[in-house]
Amino acid sequence: MRFPAAAALLPLLLLAGCSGIPRDPEPASAPAVDVLLLGEQHDAAGHARTHERWVTTLADQGRLAGLALEMAEQGTSTAKLQPTASEQQVQLALRWNRAAWPWQRYAPAVMAAVRAGVPVAGANLPKDRQRQAMRDDLLDGRLPQPALAAQRQAVREGHCDLVPAEQIPPMARIQIARDVAMAHTVASLARPGKTVVLLAGAGHVRPDVGVPLHLPATLSVRPVELPREETGRDYCAELRKQMEPRK
């Protein structure tokens, strides 16, 4: 097994949400909050339409403060672009990785925010800092002990119990560091009387282990887990194949 390859699969495999999170209420009737966290299943076809519906509705109501994305790295932004910017300009501004994240899936929500003159910002931890996070045991202290145990269990289950036990803590640190980075980006976009939307995997919006734990207490937060969709894929079989020793 090669640890870097396993770590790279976290966005794919940590698809399950937390059963206590509200599921996809209609945006027009949703209460006003400072932060809306939309937790998606990365390969669920219907979730992209839900992203667009939320972003468009909030923008039309003048309630959208900004759009933060797990799908782009922290430090990237469309803030300097005009509302008339092309999709190519937006992708360049966000340094979009089409191999990792299919642009056409996220383009409707992203472009709706751009057209509304609202900044779209990358929120994910850059790859080089993810490698550093694996060795940073101070990250373990960012979560209460029960939450840390739950995060490690989520990593273990998300990798189908195929990862050696000694690799679980470093991989959990990556998740914690990513949640911290997303929370910082979200907080930087917050504006009084408006709502910042974060698009991220369902595991990242969990209030017991995810982004909500790292947001300022002054912000009102609503995590929403989008309903799971059956894709017919065997994720554990895919992971097992990818983790086979290279010949």
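The values are calculated or read from the model by the stated rules, or taken from the named source; none is laboratory data. The model shown is predicted, which means the values in this text are computed figures rather than measured ones. Because the Cβ atoms are built from the backbone with ideal geometry, glycine has one as well, and the counts that use them run over all protein chains shown. Please note that ligands, DNA and RNA were not included when accessible areas were found on the heavy atoms of the full protein model with its side chains. Shrake-Rupley method; radii C 1.70, N 1.55, O 1.52, S 1.80 Å.
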**Report entry** segment 36-87 - convex hull of the alpha-carbon atoms, volume per residue in Å³
**Finding:** 115 Å³
Query raised in the report: Could the peptides 154-161, 109-116, 231-238 be put in order, highest first, of the mean number of other beta-carbon atoms found within 10 Å of their residues?
Result: 109-116, 154-161, 231-238
Requested in this report: Quick one: work out Rg over Rh on the C-alpha atoms of segment 127-202, Rh as Kirkwood radius.
Outcome: 1.04
Query raised in the report: Among VAL186, PRO212, GLN91, whose Cα lies farthest out toward the positive end of the dipole of the chain, if unit charges sit on the beta carbon of Lys, Arg (+1) and Asp, Glu (-1)?
Result: GLN91
Report summary line: Semi-axes (Å, rounded, descending) of the ellipsoid equivalent to segment 102-247 per its C-alpha gyration tensor are 28, 21, 15
Report task. With label points built 7 Å along Cα→Cβ from the Cα atoms of LYS127 and LEU219, find their separation and express it in nm. Result -> 2.7 nm
Query raised in the report: What relative contact order, as a whole-number percentage, does the chain give when Cα pairs under 8 Å and 6 or more residues apart are counted?
Result: 39 percent
Query raised in the report: For segment 136-199, what is the accessible area per residue in Å² when the probe is 1.4 Å?
Result: 41 Å²
**Report entry** Built amide H within the under 5 Å cut-off of ALA65, gap 5+
**Finding:** THR195, VAL196, VAL197
Query raised in the report: Cα centroids of segment 170-204 and segment 27-82: how far apart, whole angstrom?
Result: 12 Å
Report summary line: Taking Cα atoms, the helix 45-60 axis meets the longest principal axis of the chain at an angle in degrees (rounded to 10) of 30 degrees
Requested in this report: Assuming 1.002 mPa s and 20 °C, estimate D for the chain with Stokes-Einstein, Rh taken as the Kirkwood radius over Cα pairs, in µm²/s.
Outcome: 117 µm²/s
Report task. Evaluate the relative contact order of segment 126-247 (contact order divided by residue number), counting alpha-carbon pairs under 8 angstrom at least 6 apart; express in whole percent. Result -> 25 percent
Report summary line: On each of the three principal axes the extent of the alpha-carbon atoms of segment 62-171, given in whole Å and largest first, is 50, 28, 22
Query raised in the report: At a 1.4 Å probe radius, carbon and sulfur cover how many percent of the accessible area of the chain?
Result: 52 percent
Query - Reciprocal mean inverse distance between Cα atoms of segment 172-247 - Kirkwood radius, Å - result: 14.8 Å
Report summary line: Listed residues PRO164, PRO207, PRO119; largest mean-square fluctuation, Gaussian network over the chain with Cα springs below 10 Å, found at PRO164
Report summary line: Any residue on another chain or 5+ positions along whose placed amide H is under 5 Å from the amide H of ALA72 is listed here as ALA123, ASN124
Query raised in the report: Between ASP137 and ASP60, what FRET efficiency follows from the Cβ-Cβ distance if R0 is 45 Å, with the result rounded to 0.05?
Result: 0.45
Query raised in the report: Can you tell me the Rg and Dmax of segment 151-191, counting just the alpha carbons, in angstroms?
Result: 13.3, 44
